[in-house]
Structure formats: C-alpha cells, structure tokens
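Only one structure is covered here, and it is reproduced in the block below.
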Amino acid sequence: MWVWVVVLIAALSVGYFLGSERIKAITDLLNSSAEKKAAVWPNAVLAFFSLGAPIWLAWIATKQIGQRFRLAEDYAFKASVAKAYEGYRKEAARIDEEFEARLFNSALTRLEEAPLRLVESKTHGSPWHEFVESDAFKEALKMVPDFARQYTRLAKKPSKIELNGDDRVEAKERLPKA
C-alpha cells in the first residue's frame, strides 16, 4: 500500500507542477497583446491534456489504496475473530458442548467469508468510465430528453479525419439533426 501512497503523492506533485506552469502561461498570454491572445485556447487544451495523466494516475492510486485498506481491515477482523474464538473455546467447553459447537460454527462462518466481497464488482478504467456509470449521470440522462440516444449514437460512430485542400486536418462527425 505504501507504494501506492508514493505514486499518489508523485502524481499529485506532477499535477500541481504542470497545472501551475500551464496557469502561469495562460495568465501571461491573457495579460499580453491582442495578437498573443489567440494562443490561449491551444494552451488551455495543452493544459487539459497534460493534466490528464497525473489525474488518472492519482485516481488509480486512490482506488488501490482504498481496496488495500478494506482488505487489510477485513483480515485484521478475521485475525481478531480467530483470537477471540481461541479464548472463548476453553470457556465454552466448560459450560456446554452444544454452546461450544455453536461458537465454532459462528467463528467458522466469519472466517469463511471471502475478502473479495469488499472489492468493487465493477472495475472502471478511468474516472470518465466511473462517471458514466454513476447514479448522477444516469439521472441526468433521464432529465435531458433524447440525450441518451444522441450520446450512444456519437459513442458508436467513429470520427472521420480528412485532409482538405489547404492541408488542414478537420474532424467531421455525423451529428443527429435536431
């Protein structure tokens, strides 16, 4: 788990460094002459993409830390159940044989529980995947009419990239007509 903590700290540090550099560059462009202000949008896009990797890595590290923490808690609980059973077993044997059998069955039930029940059943590849699967996004799909159909249609159709006569690259997407 400590490796993931170090990865998280490194990702957040890189994100802070890149973010502060990009914000400084964008601020300088906004305070400059009108000719240089045209470079604000490319710098904003560059900032967005340069922060994507550290944010994604920090998200993965946070997920891994959470899973490892839950597993460690579960195994610690099982260890305490085993220790408690050993202590109670001697007393239960003196009281009643049926009570000892019930105690054994109860301890066995707790020890047999798989720790994987604590790990999420769905594994998301990115924060975007987790967002799309979230209840808030699903509720937003219900609130905005026809958004789900258009979102699905756009997600299934790949963009076509064509070179026009001016050697510029344009992405043409087939959007549904309203």
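Any read-out appearing in this document is the output of simple, stated calculations on the displayed coordinates, not a laboratory observation. Bear in mind the structure is a predicted one, so any value in this text is a computation, not a measurement. Every residue, glycine as well, gets a Cβ built from its backbone with ideal geometry; the counts of neighbours run over all protein chains shown.
A compact table of results
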{"item": "Residue tally, condition over 22 Å from GLU130 (Cβ atoms) and surrounded by fewer than 14 Cβ atoms within 10 Å (Cβ to Cβ), over the stretch 45-76", "result": "5"}
{"item": "Enumeration of residues in the stretch 7-35 that are of a type in the set (Gly, Ala, Ser), over 11 Å from ALA47 (Cα atoms) and buried (at least 17 other Cβ atoms within 10 Å of the Cβ)", "result": "ALA11"}
{"item": "Pair list, Cβ under 6 Å, 6 or more apart: the stretch 3-17 residue closer than 11 Å to TRP59 by Cα, other residue of a type in the set (A, V, I, L, M) and assigned to a helix (DSSP H, G or I)", "result": "TRP4/ALA61; TRP4/ILE65; VAL7/ALA61; LEU8/ALA58; LEU8/ALA61; ALA11/LEU57; ALA11/ALA58; LEU12/ALA58"}
{"item": "First in the stretch 73-93 and free of Cβ contacts under 8 Å to residues at least 40 places away in the same chain and in a helix (DSSP H, G or I), second anywhere and surrounded by 11 or more Cβ atoms within 10 Å (Cβ to Cβ) and among the charged types (D, E, K, R), Cβ under 7 Å, 6 or more apart", "result": "LYS78/ARG110; VAL81/ARG110; ARG89/GLU100; ALA92/GLU100; ALA93/GLU100"}
